[in-house]
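**Q** One structure follows; several queries about it will come next.
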Amino acid sequence: MDNASVTELSGPATALPPGGPPGAPTIAIVGAGFSGTLLALHLLRRSPTQTRVVLIERNAQFGRGPAYSSGNSSHLLNVPAGKMSGFQGDPHDFLHWLQGLSESELCGLAPAASTFVPRHIYGRYIRHLINQELKVPERGDQLKLVRGDVADIEEVPGAVRLTLDRNRTITADRVVLAVGNFPPAPPPVADPSFYDSPLYKPDPWAADALAELDPDLPVLLIGTGLTTIDSVISLLDQGHRGPITALSRRGLVPHRHVAPGLCPPPESDRFPTRVNALARMLRRSSARQVEAGGTWQSVIDEIRPITTELWQSMCAADRQRFLRHLRPWWDTHRHRVSGPVADRVEAARASGQLRIRAGRITGYRLERPDGPVEVTFRPRFQQTQDSVTVGRVVNCAGPDADYSRIRDPLVRTLLGKGLVRPDRLCLGLDVTGNCALLDKDGAISRRMFAVGPVTKGAFWEMTAVPDIRHQAETLAGQLSAMVRPR
């Protein structure tokens with residue numbers, strides 16, 4: 001971490017991190033990606049100085065997570081800088097920090113509210129926020145950064161005990177799971193043996209996903225969403241000349257951000273909570289906006305502040321209907337890309353190098369162990385088979401959120417012990433509206449919580465910075481009120 005040391009716990013079990021006085025309440029956060037780090041920052045600002053915050057991360061870097069670890073300056077944020085502050089009460093914090101960087105650090109971009117900056121710069125901003133807290137004298141003992149892998153969590157009388165690698169333990173009053181996203185699940189096929197082949201890359205963010213790739217080799221990207229867009233940009237940046245095929249069930253690609261239209265944004269007095277009625281209203285409002293010289297994007301942006309309320313007001317059947325039929329269209333309209341990124345993707349499609357296909361993968365046939373591989377798929381709305389022969393397959397289908405099949409050891413342990421359960425929609429773990437985890441019988445934990453994408457089943461929009469920021473601030477206030485120095 002930039003100019004910040006990492007405190008590691010070792011040896012036998014300890015009731016609290018070193019440096020805390022007896023009786024000091026401790027809150028442990030498992031995962032120091034964006035969600036966990038932001039929660040820690042808000043806890044420090046809301047809790048008494050006696051409260052200890054322990055931030056645990058298995059990877060080398062704190063504060064970034066996969067989303068903001070990319071070193072590629074062409075990987076831009078999907079939200080403009082003016083909306084990316086870590087604090088709702090200080091909406092221009094990120095922009096002001098950005099304006100203090102040098103021209104070389106900004107990669108030649110002008111630091112304005114409408115600027116889409118490289119994601120690695122935003123990762124630097126989050127790390128900067130941690131460093132600023134560590135420089136505050138009273139924070140030195142209040143915040144502890146622990147590098148390690150949490151293997152188990154158990155509730156003990158009056159506390160929670162976390163078991164880490166190397167026989168280390170931490171005892172805390174409350175624990176928050178901020179485990180982020182997991183790699184995408186492979187498409188189901190009759191013979192899945194290809195998924196053990198070196199030609200298949202299951203994690204698009206892994207260092208070897210696009211490494212040592214012949215620039216003329218055909219590549220298949222599974223999925224056509226934001227992760228696929230990033231992979232296309234990475235391929236173009238490394239000089240890839242071969243054909244790129246992106247395949248998803250519907251072949252939908254994220255739309256681009258546009259400047260606000262000439263007419264004022266829509267102001268709707270009521271939003272239906274039945275999914276069919278809501279979809280009709282959005283279509284009508286979008287058509288009216290476009291006819292008046294505006295954009296459909298403003299209609300989607302208008303609904304953003306109340307998306308969670310709409311989701312929580314829907315009946316279970318409507319939520320399932322939305323996920324089954326409308327989710328891909330919502331994702332491509334809601335999660336848009338910046339203009340420069342969209343331009344490059346469109347140019348690759350126009351040249352014929354990038355081809356978007358719609359269909360379902362049905363199988364793989366390796367001609368030789370070292371490739372190539374023939375990927376067969378059934379095109380959308382067709383009964384016949386088609387195929388594409390490539391030298392590498394990269395799964396960019398989006399994070400796997402079905403916790404009943406996620407193989408992460410900590411997740412399997414918690415599920416096996418019944419301390420947590422998947423939500424009914426297979427979007428994450430089951431939590432209350434206050435982010436408390438529910439066990440296998442539906443009992444509400446008073447000591448175990450979750451934050452970030454793992455809570456998507458209850459909140460739906462929990463991937464973008466503004467949503468996670470609001471959730472982190474709310475949860476920090478609740479946790480700081482629950483723990484008091486003894």
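The values are calculated or read from the model by the stated rules, or taken from the named source; none is laboratory data. Since this is a predicted model, take the numbers as computed values, not measurements. Virtual Cβ from ideal backbone geometry, glycine too; neighbours counted across all protein chains shown.
**Q** Within the stretch 420-435, which residues are closer than 23 Å to residue 476 by Cβ and surrounded by fewer than 19 Cβ atoms within 10 Å (Cβ to Cβ)?
**A** 432, 433, 434, listed by residue number.
**Q** Do the conditions hold for residue 171, that is, is it surrounded by 13 or more Cβ atoms within 10 Å (Cβ to Cβ), in the same structural domain as residue 432 (by TED's automatic domain parsing), of a type in the set (Val, Ile, Thr) and touching a residue at least 40 places away in the same chain (Cβ under 8 Å)? So that I can check it myself, show each step before the final result.
**A** Numbers: surrounded by 13 or more Cβ atoms within 10 Å (Cβ to Cβ): yes; in the same structural domain as residue 432 (by TED's automatic domain parsing): yes; of a type in the set (Val, Ile, Thr): yes; touching a residue at least 40 places away in the same chain (Cβ under 8 Å): yes.
In short, yes.
**Q** Take the residues in the stretch 284-305 that are surrounded by 12 or more Cβ atoms within 10 Å (Cβ to Cβ) and of a type in the set (D, E, K, R), then tell me which one is nearest to residue 459 (Cα to Cα).
**A** Looking at the filtered set, the residue picked out is 304.
**Q** Hey, which of the helices (runs of 4 or more DSSP H) in the stretch 91-145, taking only ones fully inside, have at least 1 residues that are closer than 22 Å to residue 470 by Cα?
**A** Values: elements: 93-99, 119-135, 139-142.
In the stretch 91-145, the matching helices (runs of 4 or more DSSP H) lie at 93-99, 119-135.
**Q** Looking at (1) surrounded by 16 or more Cβ atoms within 10 Å (Cβ to Cβ); (2) in contact with a Phe, Trp or Tyr (Cβ under 8 Å, 6 or more places away or on another chain), find the lone condition where residue 271 falls short.
**A** Unmet for residue 271, out of (1) surrounded by 16 or more Cβ atoms within 10 Å (Cβ to Cβ); (2) in contact with a Phe, Trp or Tyr (Cβ under 8 Å, 6 or more places away or on another chain): (2).
**Q** Let me ask another. Suppose the filter is free of Cβ contacts under 8 Å to residues at least 24 places away in the same chain and in a loop (DSSP other than H, G, I, E, B); does residue 442 pass it?
**A** Working: free of Cβ contacts under 8 Å to residues at least 24 places away in the same chain: yes; in a loop (DSSP other than H, G, I, E, B): yes.
Yes.
**Q** Only one of 55, 16, 44 is crowded, with 19+ Cβ neighbours inside 10 Å, aliphatic (A, V, I, L, M) and modelled with pLDDT under 80. Can you tell me which?
**A** Values: 55 fails: modelled with pLDDT under 80; 44 fails: modelled with pLDDT under 80.
Of the residues listed, the single one that is crowded, with 19+ Cβ neighbours inside 10 Å, aliphatic (A, V, I, L, M) and modelled with pLDDT under 80 is 16.
**Q** Can I ask one more? Grab the strands (runs of 3 or more DSSP E) fully contained in the stretch 329-412, keeping just those with 2 or more residues being more than 20 Å from residue 238 (Cβ to Cβ).
**A** Working: elements: 354-366, 373-379, 386-390, 392-395.
Counting at least 2 such residues, we get 354-366, 373-379, 386-390.
**Q** While we're on this one: I'd like to know if the stretch 216-233 contains one or more residues that are of a type in the set (D, E, K, R) and in the same structural domain as residue 348 (by TED's automatic domain parsing).
**A** Step one: of the stretch 216-233, the residues of a type in the set (D, E, K, R) are 216, 230.
Narrowing further to those that are in the same structural domain as residue 348 (by TED's automatic domain parsing): 216, 230.
Checked against the condition, which is being of a type in the set (D, E, K, R) and in the same structural domain as residue 348 (by TED's automatic domain parsing), the stretch 216-233 yields at least one hit.
**Q** While we're on this one: Which residue out of 254, 260 is over 26 Å from the mean Cα position of the chain (by Cα) and part of a loop (DSSP other than H, G, I, E, B)? Quick ask: steps written out before the conclusion?
**A** Numbers: 254 fails: over 26 Å from the mean Cα position of the chain (by Cα).
Unique residue meeting the criteria: 260.
**Q** Let me ask you something else. Across the stretch 279-328, what is the total count of residues that are within 25 Å of the chain's Cα centre (by Cα) and not in a helix (DSSP H, G or I)?
**A** So the count comes out to 1.
**Q** Considering (1) in contact (Cβ under 8 Å) with a residue 24 or more places away in the chain; (2) of a type outside the set (Phe, Trp, Tyr); (3) surrounded by 20 or more Cβ atoms within 10 Å (Cβ to Cβ); (4) more than 22 Å from residue 403 (Cβ to Cβ), say which one residue 178 fails and leave the rest.
**A** Tallying (1) in contact (Cβ under 8 Å) with a residue 24 or more places away in the chain; (2) of a type outside the set (Phe, Trp, Tyr); (3) surrounded by 20 or more Cβ atoms within 10 Å (Cβ to Cβ); (4) more than 22 Å from residue 403 (Cβ to Cβ), residue 178 fails exactly one: (4).
**Q** If residue 65 meets every condition in (1) at pLDDT below 85; (2) more than 21 Å from residue 473 (Cβ to Cβ) apart from one, which number is that one?
**A** Answer for residue 65: the failing condition is (2).
**Q** Please specify each residue of the stretch 326-351 satisfying the condition of being out of contact with any strand residue (DSSP E or B) (no Cβ under 9 Å at 6 or more places or on another chain) and among the β-branched types (Val, Ile, Thr).
**A** Passing the criteria: only 332.
**Q** All but one of (1) among the charged types (D, E, K, R); (2) under 19 Å from residue 163 (Cα atoms); (3) within 18 Å of the chain's Cα centre (by Cα) hold for residue 417; state the number of the condition that does not hold.
**A** (3)
**Q** Considering only the stretch 451-486, how many residues are in contact with a Cys (Cβ under 9 Å, 6 or more places away or on another chain) and among the small types (Gly, Ala, Ser)?
**A** 2
**Q** May I ask you to say which residue of 331, 400, 318 is in contact with a Phe, Trp or Tyr (Cβ under 6 Å, 6 or more places away or on another chain) and among the charged types (D, E, K, R)? Break it down into steps so the answer makes sense when it comes.
**A** Values: 331 fails: in contact with a Phe, Trp or Tyr (Cβ under 6 Å, 6 or more places away or on another chain); 318 fails: in contact with a Phe, Trp or Tyr (Cβ under 6 Å, 6 or more places away or on another chain).
The unique qualifying residue is 400.
**Q** I want to confirm something. Restricting to the stretch 318-354 and keeping residues that are of a type in the set (S, T, N, Q) and touching a Pro at 6+ places or on another chain (Cβ under 7 Å), which single residue is surrounded by the fewest Cβ atoms within 10 Å (Cβ to Cβ)?
**A** Step one: list which residues in the stretch 318-354 are of a type in the set (S, T, N, Q), which gives 320, 332, 338, 351, 353.
Checking the rest, the ones that are also touching a Pro at 6+ places or on another chain (Cβ under 7 Å) come to 332, 353.
Values: 332: 18, 353: 16.
Applying the filter and picking the extreme gives 353.
**Q** Determine whether residue 464 is closer than 25 Å to residue 327 by Cβ and buried (at least 23 other Cβ atoms within 10 Å of the Cβ). Before you say what the answer is, go through the steps one by one.
**A** Numbers: closer than 25 Å to residue 327 by Cβ: yes; buried (at least 23 other Cβ atoms within 10 Å of the Cβ): no.
Criteria not met by residue 464.
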